[in-house]
1. Can you classify segment 8-56 as rounded, prolate or oblate using the Cα gyration tensor, where a ≥ b ≥ c are the square roots of its eigenvalues, rounded means a/c under 1.5, and otherwise it's prolate if a/b beats b/c and oblate if not?
2. Rounded to two decimal places and with Rh computed the Kirkwood way over Cα pairs, what is Rg over Rh for segment 34-81?
3. For helix 23-40, report the angle its Cα long axis makes with the longest principal axis of the Cα atoms of the chain; keep it between 0 and 90° and round to the nearest 10°.
4. Is it possible to state the helix-based mean residue ellipticity at 222 nm for the chain, with each DSSP H run of 4+ residues giving -39500 (n - 2.57), the sum divided by total residues, to the nearest 500 deg cm²/dmol? What is it?
5. For the charge dipole of the chain, defined by +1 on Lys and Arg C-beta atoms and -1 on Asp and Glu C-beta atoms about the Cα centroid, which residue among S68, G34, V24 has the Cα displaced farthest towards the positive pole?
Amino acid sequence: MTDVEGWNEVDDALERTFTFGNFVEALAFVNRVGEVAEQEGHHPDIYLSWGKVEIRIWTHKINGLTESDFILAAKIDRVPA
């Protein structure tokens, strides 16, 4: 597997934190990420707070990382912030 820039491998998952100027911008980003996740049929854990979104991706079926996790991370990176 290859690394996705900006993402960290932690406990067999990919994690990344995105920061925003306020809650509304963070929420809009979460909604756009949700659309991508639904299209991919692969749903990350998402934590939303004021100005911050934390995303954790892994394949639940194997409790670890697969190629689809890295693909989803790369697609999330293309979501407009």
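What follows is calculated from the coordinates using simple rules that are stated; it is not laboratory data. All figures in this text were calculated on a predicted structure; none of them were measured in a lab. We place every Cβ from the backbone using ideal geometry, glycine too, and count neighbours over all the protein chains shown.
1. oblate
2. Reported Rg/Rh (Cα atoms, Kirkwood Rh): 0.96.
3. 30 degrees
4. Numbers: 2 runs with 29 residues, N = 81.
Value at 222 nm, helices only: -11500 deg cm²/dmol.
5. In the chain, that residue is V24.
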